[in-house]
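First the structure, in the form of structure tokens, and then the observations on it.
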Amino acid sequence: LPEMDHNVIEATEWPQDAKKSVRYVLFKTKFAHARVQKRFGLTEQVFSEQGLTWKEIELRGSNKIVQALELPLFCAWVGFHLARLNNVDPGPEPWIPKFKERLGKP
């Protein structure tokens with residue numbers, strides 16, 4: 001979150017049209033340091049003052065490891081449902097094999 005605050009908040013001013021289409025999601029955890037928890041509230045204030053659309057999602061896992069697994073699983077489900085809503089096959093991802101092929105080259 002500290003790095004996001006530094007980079008994303010500065011970048012949210014431009015382009016102005018992005019405010020109409022970009023949505024921010026903040027994943028919160030009860031295990032975050034108190035200073036990071038304070039940053040969430042301040043980040044939400046800045047987003048609201050800038051007229052940005054954002055949503056807060058509280059991770060529910062009972063410990064840090066469960067929450068670390070919860071986040072990618074949640075994002076995978078969102079991707080799956082978005083693919084279904086847009087009538088896109090969520091299975092084939094042509095960019096990953098291309099990326100791995102390029103990664104294997106010297």
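The values are calculated or read from the model by the stated rules, or taken from the named source; none is laboratory data. Predicted, not measured: the structure shown is a model, and the values here were computed from it. Backbone-built Cβ (ideal geometry, glycine too); neighbour counts: all protein chains shown. We work out accessible area using only protein heavy atoms, side chains counted, and drop any ligands, DNA or RNA first. Shrake-Rupley method; radii C 1.70, N 1.55, O 1.52, S 1.80 Å.
Can you give me the long-range amide H partners of LEU26? Hydrogens built in the peptide plane at 1.01 Å from N, cutoff under 5 Å, separation of 5 or more residues or another chain.
LYS55, GLU56, ILE57
Once the piece of chain linking MET4 and ALA18 is laid out straight, how much longer is it, given 0.36 nm per residue of separation minus the C-alpha distance between them? Spell out each step's value before the answer.
Details: separation 14, 0.36 × 14 = 5.04 nm, distance 1.73 nm.
Gain in length upon complete extension: 3.3 nm.
Relative contact order, percent, of the chain when contacts are C-alpha pairs under 8 Å separated by at least 6 residues?
It comes to 24 percent, rounded to a whole number.
Tell me which of ALA83, GLN67, MET4 sits at the most positive position along the dipole axis of segment 1-90, charges placed on C-beta atoms (Lys, Arg +1; Asp, Glu -1).
Toward the positive end, the furthest listed residue is GLN67.
For a quick check of your reading of the filter: which trypsin sites (Lys or Arg not before Pro) in segment 33-99 sit in a DSSP loop and have no more than 11 other Cβ atoms within 10 Å?
Numbers: sites: ARG35, LYS38, ARG39, LYS55, ARG60, LYS64, ARG84, LYS98; in loops: ARG60.
Answer by residue number: ARG60.
Helix-derived [θ] at 222 nm for the chain: sum -39500 (n - 2.57) over DSSP H runs of at least 4, divide by residue count, nearest 500?
Details: 5 runs with 61 residues, N = 106.
Counting only the DSSP helices, I get -18000 deg cm²/dmol.
For segment 4-106, which GluC sites (Glu not before Pro) are both in a DSSP coil and crowded by at most 12 other Cβ atoms within 10 Å?
GLU13
How many lysine pairs in the chain, separated by 8 or more positions in sequence or lying on different chains, have Cα atoms less than 26 Å apart?
The number of close lysine pairs in the chain is 14.
What part of the accessible area of the chain, given as a whole %, is carbon or sulfur when the probe is 1.4 angstrom?
Taking all protein chains in place, the chain shows 61 percent carbon and sulfur surface.
Filter the DSSP H helices in the chain by two things, a Kyte-Doolittle mean of at least -0.5 and an axial alpha-carbon span of 24 angstrom or more, and list the hits by number.
Both cut-offs are met by 64-85.
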